[in-house]
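Trainee: This structure is in structure tokens; I'll ask about it shortly.
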Amino acid sequence: MIASLVVTLDCAVAGSSGVAKQIAQIPGVQLCEGESFSHRIPILIDSTDPDSLEETTRRLQSIVGVAFVDVVFVHFEDEPCDNVVAPIGKTTGQ
Amino acid sequence: MSRKPDTQDGVVQRREFIKASAMAAAAAIAGGASFALPILADEPATGVDWQKAPCRFCGTGCHVQVGVQQGKVVAIAGDRNADVNKGLLCVKGYHVGAALYGKDRLTKPLLRDGDSYREISWQEAIRIIADRIQAAPERFAFYGSGQWTIPEGYAAQKFMKGGLSNNHIDPNARLCMASAVTGFLATYGVDEPAGCYDDLDACDVLIMWGNNPAEMHPVLFSRVIDRRSRGEKVTLIDIGTRRTRTTEACQHYLEMKGHGDLAIANGIAHLLIKNGTYDQKFVDSFCSFKAPDDANPNLHGKVISFAEYKTLLETYTPEHVEQLSGVPASQIRMLADLFGNRKLRITSLWCMGMNQHTRGTAINTMVHGIHLLSGHFGTPGNAPTSLTGQPSACGTVREVGTLSHALPGGLVVTDAENRTKAEEIWQVPPGRINSVPGHHTVKMWESFCTPTSEGGDIGTIWVQVTNPGQTLPNLNKLFNPKGDSKAGLEDKFLIVSDVYPTATTRLADLILPSAMWVEKNGMVGNSERRTQQWFKMVNPPGEARDDCWQTIAVAHELLTRGVEGMKDRNGQFLFEVKDADGGVVPIWEWEHYYDTNVDKHLFEEYRKFTRFKHKDLAPYGEYVKARGLRWPVVEHNGEWKETQFRFSEGSDPYVAAGKEIQFYHSSTHDDRAQIWFHPWIAPAEVPDAEFPLMLCTGRVLEHWHSGSMTRRIPELSRAMPRAYAELHPDDASSYGLKNGDRIRMESRRGSLEISVWIDGRGKPPKGTVFVPFFDETLLINDLTLDAVDPFSKQPDYKKAAVRISKVHA
Ligand code: SF4
């Protein structure tokens with residue numbers, strides 16, 4: 001799965017390189033090269049493990065100075081959606 | 001040269017291209033640049049076809065670009081051209097395409113055969129439904145939702161009220177925003193917000209009343225956070241019963257007890273008057289006062305004077321409000337000072353916290369009332385705005401009127417003139433529409449789960465696009481009896497159209513496989529009066545078919561059996577569609593359903609209703625071009641123009657020149673809105689010695705509502721696999737509980753076993769417990785209360801008394 005996100009920083013840290021460096025250290029995350037952004041940082045996630053999206057988002061959200069994480073683009077590979085939640089005819093939850 | 005390396009090169013190049021496109025899209029948004037989507041359209045090598053659609057999930061109504069390749073959705077991008085989301089999506093947007101491809105999609109009609117099901121043909125399924133309806137049309141009910149598209153809801157509405165003379169049609173939206181509707185009606189005489197999302201870009205203060213937009217409407221919240229990150233001063237205030245992710249971003253958190261909001265609203269009004277900081281000019285010009293009429297309870301109450309209003313508020317001093325609500329008096333004063341400052345622009349947001357409330361109508365009117373009393377209304381950034389949880393709670397439920405008392409366009413079945421207007425548009429014989437409201441949701445299901453011999457007058461329910469077996473309150477009374485062989489309900493028949501097996505299909509007698517989202521044409525209406533359109537992009541799997549087709553096919557089957565109601569006054573089929581040459585298109589045959597655009601035909605007919613309450617919609621073609629338009633949409637110099645701020649001169653075309661503000665549907669017929677007094681009243685159930693904790697239920701970021709789509713997505717399911725009970729650490733320690741321990745939770749209505757989460761994502765105060773409702777294997781609604789608001793008939797899912805005990809392994 002390939003996804004791009006925009007990370008919005010708190011006003012107090014906007015423009016500082018510290019948070020960007022922390023973001024860049026998350027495995028599978030790439031920062032946009034050669035451009036400077038003030039309070040919003042565009043990033044790319046390229047991963048064969050679809051779970052890494054949620055994990056990466058959680059890690060981004062836990063960085064001090066990150067105010068919000070939004071999704072911009074996502075491209076699915078041929079990943080099977082194999083969750084079967086409630087087989088027909090079978091009583092669940094009772 | 002071998003073929004393989006070429007292919008690998010091609011794959012690598014394509015992958016690099018997708019990555020570059022993805023990064024370019026994010027960089028453009030981060031940098032504030034604009035670019036034209038579709039992102040990949042100028043690269044034919046990718047073979048991806050991009051089209052617009054609103055997101056399938058919440059009522060925010062973000063627009064996405066959907067990338068389709070070889071008949072499959074392969075990519076999603078936020079739509080930069082959409083005003084709602086400006087290119088952004090929340091994390092559910094990662095998976096909105098994947099929601100189509102769960103392995104257990106329903107693909108064949110299934111008929112119950114003992115404990116299992118057998119596949120049947122669509123023809124047989126349609127015949128079975130027609131048999132049930134024909135045998136007892138008055139015992140038939142249709143249960144839908146705010147996930148019905150506008151044409152789907154309109155077809156169901158016309159079929160029931162214009163065809164069967166049967167008003168037993170109601171949506172699950174009754175469970176989520178009915179109190180917002182009655183709040184708007186009681187205040188302005190007409191439903192739906194005056195403001196819009198633009199207020200979020202202009203307000204100085206944003207107050208969230210029992211609302212958690214950081215998780216439930218993330219793109220809207222991100223819009224405000226972005227402003228703050230750019231250095232703008234925006235004060236965020238969270239008034240809630242539990243700390244959430246929203247709280248973390250707020251400067252002020254006011255933790256209240258259940259129903260504390262009623263006291264807080266009165267406390268603010270009390271101080272505005274006492275301090276002389278209310279907006280006397282606004283009030284004198286545009287408002288009247290109302291109070292409940294206890295002798296004759298009704299939605300419009302009785303008129304009172306300003307002096308009477310002031311007297312009724314006298315006891316709501318900050319100190320008394322503190323006692324009732326748990327919010328310190330100093331914070332009540334802070335709120336009153338903010339509202340008393342007319343230089344500030346204040347927007348209020350709310351959703352389930354104020355609506356799922358046995359005094360939901362009251363608190364809705366009271367929050368409108370504070371804005372009116374303080375003059376924080378009608379200019380950008382000054383708005384009381386309710387949000388919806390479903391993509392078309394506004395468009396389909398509130399505007400098409402798929403409620404048991406309503407007709408399209410804000411008309412009601414109890415009004416003879418309204419019925420005549422609808423009969424005229426539908427061209428059905430006079431008197432066809434029944435004047436008696438049908439059963440609202442709770443009554444409908446109670447009646448279905450009551451034996452016929454004991455007065456249960458609903459025999460068949462057809463459910464489309466919703467999951468009542470999980471989302472109704474007090475399931476052991478309102479749903480589960482259907483599965484109990486000793487309940488005396490053998491003659492009851494449950495039909496469920498859905499895309500996946502759910503808690504509802506497990507008790508269904510007949511299951512119909514439905515198409516979803518971009519597998520069909522659609523139109524929806526979001527929380528800010530914005531009507532949106534999309535075209536079918538991929539085929540549904542197997543024999544899954546559009547819900548709208550299912551309704552029309554049953555209607556046609558009844559027509560062929562001579563059921564008079566399926567004909568209009570000219571003897572033609574209710575859903576007759578003609579082609580350009582005047583020939584009838586047999587849209588009841590699936591093979592011909594897409595020979596024409598049925599959505600367009602239905603929408604153009606429905607559009608005639610929208611002018612009655614000045615909620616004018618533009619022709620279908622305008623929505624094809626736009627990323628949604630906010631009604632009223634009126635033609636001006638050959639252009640269709642949307643409306644940002646209703647009732648405000650210069651924005652709303654229906655406000656007369658020189659009026660400044662005009663509430664032109666005022667219930668007092670004098671262009672005035674009503675400022676209501678309602679007393680504080682305790683919740684319907686409060687903790688006591690036997691059930692000492694207050695249960696609140698709600699949603700989580702990862703799952704959309706009952707989780708029937710999002711639990712199919714492995715990544716979301718792994719991220720939030722099971723429901724849990726959030727407890728305060730002190731309560732946990734007094735019960736000897738630590739994280740992950742199992743507890744038995746019981747209410748007077750049901751029980752379940754569940755794991756505890758202490759200091760988790762949400763932090764409930766002492767004496768309360770929170771459980772999300774997304775998990776089909778842990779049905780918290782077995783425990784919730786089915787007490788309803790007297791006017792909206794909406795139940796309260798936020799306050800039920802429970803007890804817990806540790807389960808020892
Ligand atoms: S905020 Fe709502 S509409 Fe927007 S992307 Fe998220 S779920 Fe979809």
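Trainee: Take the range B:190-210 and flag every residue that is under 19 Å from B:C58 (Cα atoms), open to solvent by 10 Å² or more (accessible area, probe 1.4 Å) and assigned to a loop (DSSP other than H, G, I, E, B).
Mentor: Selection gives B:G210 alone.
Trainee: Something else about it: Return yes or no: is B:L220 over 27 Å from B:A725 (Cα atoms) and buried (at least 22 other Cβ atoms within 10 Å of the Cβ)?
Mentor: Details: over 27 Å from B:A725 (Cα atoms): yes; buried (at least 22 other Cβ atoms within 10 Å of the Cβ): yes.
Judged against the criteria, B:L220 is a match.
Trainee: What's the number of the only condition in (1) open to solvent by less than 80 Å² (accessible area, probe 1.4 Å); (2) in a strand (DSSP E or B) that B:H270 fails to meet?
Mentor: With (1) open to solvent by less than 80 Å² (accessible area, probe 1.4 Å); (2) in a strand (DSSP E or B) applied to B:H270, the lone miss is (2).
Trainee: Name every residue in the range B:177-207 that is within 16 Å of the ligand (Cβ to nearest atom), away from chain A (no Cβ under 14 Å) and touching a helix residue (DSSP H, G or I) at 6+ places or on another chain (Cβ under 6 Å), in order of residue number.
Mentor: Across the range B:177-207, the qualifying residue is only B:M177.
Trainee: For the range B:618-628, indicate whether the set of residues that are open to solvent by 30 Å² or more (accessible area, probe 1.4 Å) and among the hydrophobic types (A, V, I, L, M, F, W, C) is non-empty.
Mentor: Yes; the residues of the range B:618-628 include at least one that is open to solvent by 30 Å² or more (accessible area, probe 1.4 Å) and among the hydrophobic types (A, V, I, L, M, F, W, C).
Trainee: Then there is this: Going through B:E119, B:E124 one at a time, which residue ends up being surrounded by fewer than 24 Cβ atoms within 10 Å (Cβ to Cβ), more than 12 Å from chain A (Cβ to nearest Cβ) and more than 14 Å from the ligand (Cβ to nearest atom)? First the steps, then the outcome.
Mentor: Values: B:E119 fails: more than 12 Å from chain A (Cβ to nearest Cβ).
When all the criteria are applied, what remains is B:E124.
Trainee: Counting residues that are within 24 Å of the chain's Cα centre (by Cα) and surrounded by 21 or more Cβ atoms within 10 Å (Cβ to Cβ), which strands (runs of 3 or more DSSP E) fully inside the range B:702-809 reach at least 1?
Mentor: B:768-772, B:800-806
Trainee: Here's another thing I want to ask about it. Among the residues of the range B:755-783, write down those that are within 14 Å of another protein chain (Cβ to nearest Cβ), touching a Pro at 6+ places or on another chain (Cβ under 8 Å) and of a type in the set (V, I, T).
Mentor: Hit for the range B:755-783 is B:I780, nothing else.
Trainee: I'd like to verify a number: residues in the range B:83-116 that are away from the ligand (no atom under 16 Å from the Cβ) and on the phi > 0 side of the Ramachandran plot, how many?
Mentor: Adding up the residues that qualify gives 1.
Trainee: Next question. Got at least one residue in the range B:502-517 being part of a helix (DSSP H, G or I), within 16 Å of the ligand (Cβ to nearest atom) and surrounded by 24 or more Cβ atoms within 10 Å (Cβ to Cβ)?
Mentor: Let us first name the residues in the range B:502-517 that are part of a helix (DSSP H, G or I), namely B:505-507, B:517.
Filter once more, keeping what is within 16 Å of the ligand (Cβ to nearest atom): B:517.
Then keep just the ones that are surrounded by 24 or more Cβ atoms within 10 Å (Cβ to Cβ); that gives B:517.
Yes, some residue in the range B:502-517 is part of a helix (DSSP H, G or I), within 16 Å of the ligand (Cβ to nearest atom) and surrounded by 24 or more Cβ atoms within 10 Å (Cβ to Cβ).
Trainee: (1) in contact (Cβ under 8 Å) with a residue 40 or more places away in the chain; (2) under 23 Å from B:D688 (Cα atoms): which one isn't true of B:S734, the others all being true?
Mentor: Going through the list (1) in contact (Cβ under 8 Å) with a residue 40 or more places away in the chain; (2) under 23 Å from B:D688 (Cα atoms), B:S734 breaks only (1).
Trainee: Out of the residues in the range B:337-358 that are out of contact with any Phe, Trp or Tyr (no Cβ under 7 Å at 6 or more places or on another chain) and under 11 Å from B:A180 (Cα atoms), which is farthest from the ligand (Cβ to nearest atom)?
Mentor: Once the filter is applied, the top-ranked residue is B:H357.
Trainee: Another one. Between residues in the range B:688-714 that are among the polar types (S, T, N, Q) and residues that are part of a loop (DSSP other than H, G, I, E, B), which pairs lie under 6 Å by C-beta distance while being six or more apart or on different chains?
Mentor: B:T697/B:F773; B:T697/B:Y797; B:S706/B:N467; B:S708/B:N467; B:S708/B:Y500; B:S708/B:T502; B:T710/B:H703; B:T710/B:W704
Trainee: A further question follows. Please go through the range B:59-82 and pick out each residue that is open to solvent by 20 Å² or more (accessible area, probe 1.4 Å) and either within 13 Å of the ligand (Cβ to nearest atom) or among the polar types (S, T, N, Q) (or both).
Mentor: Across the range B:59-82, the qualifying residues are B:Q69, B:Q70, B:N81.
Trainee: Which condition from (1) under 30 Å from B:P218 (Cα atoms); (2) modelled with pLDDT of 95 or more is the one that B:Y278 breaks?
Mentor: (1)
Trainee: With a cut-off of at least 2 residues that are under 24 Å from the mean Cα position of the chain (by Cα), name the helices (runs of 4 or more DSSP H) lying wholly within the range B:585-688.
Mentor: Passing ranges, in order: B:598-607, B:620-625.
Trainee: Of all residues being in contact (Cβ under 8 Å) with a residue 24 or more places away in the chain and farther than 26 Å from B:W631 by Cβ in the range B:208-227, which is nearest to the other protein chains (Cβ to nearest Cβ)? Just the residue, please.
Mentor: Checking each candidate, the answer is B:I225.
Trainee: If you go through the range B:226-233 one residue at a time, do you hit one that is touching a Ser or Thr at 6+ places or on another chain (Cβ under 8 Å), in the same structural domain as B:M366 (by TED's automatic domain parsing) and either part of a helix (DSSP H, G or I) or open to solvent by less than 10 Å² (accessible area, probe 1.4 Å) (or both)?
Mentor: Among the residues of the range B:226-233, at least one is touching a Ser or Thr at 6+ places or on another chain (Cβ under 8 Å), in the same structural domain as B:M366 (by TED's automatic domain parsing) and either part of a helix (DSSP H, G or I) or open to solvent by less than 10 Å² (accessible area, probe 1.4 Å) (or both), which makes the answer yes.
Trainee: Being in contact (Cβ under 8 Å) with a residue 24 or more places away in the chain and under 33 Å from the mean Cα position of the chain (by Cα) narrows it down to one residue among B:Q331, B:Q251; which is it?
Mentor: After applying the criteria, what remains is B:Q331.
Trainee: Next up: Within the group B:F647, B:F603, which residue is open to solvent by less than 50 Å² (accessible area, probe 1.4 Å), on the phi > 0 side of the Ramachandran plot, in contact (Cβ under 8 Å) with a residue 60 or more places away in the chain and not assigned by TED's automatic domain parsing to the domain that holds B:A202?
Mentor: After applying the criteria, what remains is B:F647.
The values are calculated or read from the model by the stated rules, or taken from the named source; none is laboratory data. These figures come from a predicted structure and were not determined experimentally. Because the Cβ atoms are built from the backbone with ideal geometry, glycine has one as well, and the counts that use them run over all protein chains shown. What goes into the accessible areas is simple: the full protein's heavy atoms, side chains included, and nothing from ligands, DNA or RNA. Shrake-Rupley method; radii C 1.70, N 1.55, O 1.52, S 1.80 Å.
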